[in-house]
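The values are calculated or read from the model by the stated rules, or taken from the named source; none is laboratory data. Bear in mind that the values here come from a model prediction, so they are computed numbers and not experimental data. In this analysis, Cβ positions are derived from the backbone assuming ideal geometry, glycine residues included, and neighbour counts consider all displayed protein chains.
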Amino acid sequence: MKSIAIITDDKINELAACLDNDCKHIHDTISQLNELRELIIRRDDAALGKMLEIVLAKSEDYRKNELNRQSIREELAKELECPVEQITLSTLEENVSETARTKLTETKSKLKSLIEELRKEHLSTALLLNECARINNMLLKSIFNMGKTDVVSYDSKGTTRKQTDMAFVNLQF
């Protein structure tokens with residue numbers, strides 16, 4: 001691998017701009033996950049449809065950014081005479097000027113914190129969707145299984161009762 005003098009600050013600035021776009025995309029995704037959970041809870045189908053359109057429209061821009069980042073990594077790999085897989089922020093930090101190193105370190109730190117926040121938001125959304133699916137399955141079973149389940153239901157006073165053998169929906173013609 002070649003040394004510091006090979007990588008120019010211009011190339012690092014180009015990579016940093018691309019990574020800033022990644023940070024913006026991650027931040028937008030976190031906001032969208034929050035909004036998604038809110039819309040699911042409110043059962044706002046119209047807003048969910050609009051959100052899907054927005055996500056699809058932005059996906060092409062992000063794909064372009066990913067291609068740009070990969071292209072920059074390939075150029076850096078050529079300059080450092082190493083495989084593309086070895087071009088990471090940590091590797092670059094060791095092979096650039098002090099100014100560029102500071103910028104990369106800040107970007108790396110920002111990406112790490114955003115990714116951790118994204119993991120939490122993703123988990124929260126997955127848990128909500130899992131709970132929605134569980135409740136929907138339970139409702140469908142209680143409606144269509146003709147009382148053959150051991151589903152316990154609650155009345156308006158909070159008292160429990162087991163479902164009787166009567167079906168909620170008669171499936172016979």
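Within the set of pairs 6+ apart or on separate chains, which have a first residue in region 122-149 that is closer than 20 Å to R42 by Cα, a second that is surrounded by fewer than 11 Cβ atoms within 10 Å (Cβ to Cβ) and at pLDDT below 95, and C-beta atoms under 8 Å apart?
Here the result reads L128/I41, each pair linking region 122-149 to a residue that is surrounded by fewer than 11 Cβ atoms within 10 Å (Cβ to Cβ) and at pLDDT below 95.
Per-residue answers, yes or no, for (1) loosely packed, with under 13 Cβ neighbours inside 10 Å; (2) within 21 Å of the chain's Cα centre (by Cα); (3) at pLDDT below 95; (4) among the hydrophobic types (A, V, I, L, M, F, W, C):
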residue: K2; (1), (2), (3), (4): yes, no, yes, no
residue: A5; (1), (2), (3), (4): yes, no, yes, yes
residue: D45; (1), (2), (3), (4): yes, yes, yes, no
residue: L48; (1), (2), (3), (4): no, yes, yes, yes
residue: A57; (1), (2), (3), (4): yes, yes, yes, yes
residue: L76; (1), (2), (3), (4): no, no, yes, yes
residue: E79; (1), (2), (3), (4): no, no, yes, no
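Considering (1) in contact with a Leu (Cβ under 8 Å, 6 or more places away or on another chain); (2) over 30 Å from N136 (Cα atoms), say which one L48 fails and leave the rest.
With (1) in contact with a Leu (Cβ under 8 Å, 6 or more places away or on another chain); (2) over 30 Å from N136 (Cα atoms) applied to L48, the lone miss is (2).
Could you look through region 117-173, keep only residues that are assigned to a loop (DSSP other than H, G, I, E, B) and among the polar types (S, T, N, Q), and pick out the one that is modelled with the highest pLDDT?
Residue satisfying both the conditions and the ranking: T159.
Yes or no: N68 touching a helix residue (DSSP H, G or I) at 6+ places or on another chain (Cβ under 7 Å) and surrounded by fewer than 14 Cβ atoms within 10 Å (Cβ to Cβ)?
Spelling it out, it is not the case that N68 is touching a helix residue (DSSP H, G or I) at 6+ places or on another chain (Cβ under 7 Å) and surrounded by fewer than 14 Cβ atoms within 10 Å (Cβ to Cβ).
If you check every pair at least six apart or on different chains, which have Cβ atoms under 9 Å apart with a residue in region 41-53 that is in contact (Cβ under 8 Å) with a residue 40 or more places away in the chain first and a residue that is acidic (D, E) and in a helix (DSSP H, G or I) second?
Between residues of region 41-53 that are in contact (Cβ under 8 Å) with a residue 40 or more places away in the chain and residues that are acidic (D, E) and in a helix (DSSP H, G or I), there is no close pair.
Can you tell me how many residues within region 74-88 are without any contact (Cβ under 8 Å) to a residue 24 or more places away in the chain and closer than 16 Å to C18 by Cβ?
5
Of the residues N13, N34, N21, which is surrounded by fewer than 16 Cβ atoms within 10 Å (Cβ to Cβ), within 19 Å of K108 (Cβ to Cβ) and among the polar types (S, T, N, Q)?
Testing whether each residue is surrounded by fewer than 16 Cβ atoms within 10 Å (Cβ to Cβ), within 19 Å of K108 (Cβ to Cβ) and among the polar types (S, T, N, Q) leaves just N13.
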